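J.: For reference, the structure I am asking about is given below.
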Amino acid sequence: MSDLTPIDDRKAAARTAAYARRAAAHAAARPGRAGVLSSVLAGYRGVPLSGYMPIRSEISPMAAMEEAAAHGPVGVPVIEAAGRPLNFAAWEPDCVMVPGPFGATVPATLDWMVPEIVIVPLVAFDRMGNRLGYGGGFYDRTLALLRARGPVLAIGFAYAAQEARDIPVEATDVPLDLVVTETEVIQIPGRG
């Protein structure tokens, strides 16, 4: 007998399908896949933002992060403990990185910062701003905390192939404000 609830079962099935689509998109990816993200971020020069260090077959925001770092502070997420929100450490293109939890690298020196824009990795997304992550709830907790402090723009970054029609959603799932793929910017109705 499974310990999963029906929504957990649906999320697990959706993740399995989405991982396959993302892996195929990643294998076929061409250079320049962060170009659309760079264009979006150009409108926010100097605003503190967090990117992420890509793992597995995640689309890489690194080129956009490098460009943004020339104009203002950029950070990356740091997982400090399960069940806790993320913290963000200042990052620069040539900073020394060390292994962190879950396979993502983190800066060797943890100089904390608070982003006003958070680029969110994901497994799947829909056009209503719902996202399917890895299941740890890190970004949901973090976005809820940041939004309680003030305005935060949550930008999902994914391959177009990661779009799904029916993302299982729970009350604790925090929506994105915008989704950017390698080919388009998806405005979320009623957000941003």
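The values are calculated or read from the model by the stated rules, or taken from the named source; none is laboratory data. Note that the coordinates shown come from a computational prediction; the quantities given were computed from them, not determined experimentally. Ideal geometry is used to build each Cβ from the backbone, glycine not excepted, and the neighbour counts take in all protein chains shown.
J.: Read through the list (1) assigned to a helix (DSSP H, G or I); (2) over 15 Å from the mean Cα position of the chain (by Cα); (3) of a type in the set (A, V, I, L, M, F, W, C), then give the number of the only condition that Leu37 fails.
T.: The number of the failed condition is (2).
J.: Considering only segment 144-178, how many residues are under 18 Å from Ala29 (Cα atoms), buried (at least 21 other Cβ atoms within 10 Å of the Cβ) and not small (Gly, Ala, Ser)?
T.: 3
J.: Of the numbered conditions (1) surrounded by 18 or more Cβ atoms within 10 Å (Cβ to Cβ); (2) outside any helix (DSSP H, G or I), Gly72 fails exactly one; give the number of that condition.
T.: Only one criterion is unmet by Gly72, namely (1).
J.: If a residue has to be within 22 Å of Val114 (Cβ to Cβ) and in a loop (DSSP other than H, G, I, E, B) to count, how many in segment 149-161 make the cut?
T.: To start, the set of residues in segment 149-161 that are within 22 Å of Val114 (Cβ to Cβ) comprises 149-157.
Among the residues that remain, those that are also in a loop (DSSP other than H, G, I, E, B) are: 150-152.
Residues flagged as within 22 Å of Val114 (Cβ to Cβ) and in a loop (DSSP other than H, G, I, E, B) within segment 149-161 amount to 3.
J.: Working only within segment 140-154, note down all residues that are in contact with a Leu (Cβ under 7 Å, 6 or more places away or on another chain) and either within 14 Å of Pro77 (Cα to Cα) or modelled with pLDDT under 95 (or both).
T.: If the condition is that a residue be in contact with a Leu (Cβ under 7 Å, 6 or more places away or on another chain) and either within 14 Å of Pro77 (Cα to Cα) or modelled with pLDDT under 95 (or both), then Thr142, Ala154 are the ones that fit.
J.: When the residues of segment 93-104 are narrowed to those that are at pLDDT 95 or above and surrounded by 13 or more Cβ atoms within 10 Å (Cβ to Cβ), which ends up nearest to the chain's Cα centre (by Cα)?
T.: Met97
J.: Now, a different point. In segment 162-184, what count of residues is obtained for those that are over 19 Å from Gly137 (Cβ atoms), part of a loop (DSSP other than H, G, I, E, B) and among the acidic types (Asp, Glu)?
T.: Residues meeting the conditions: 3.
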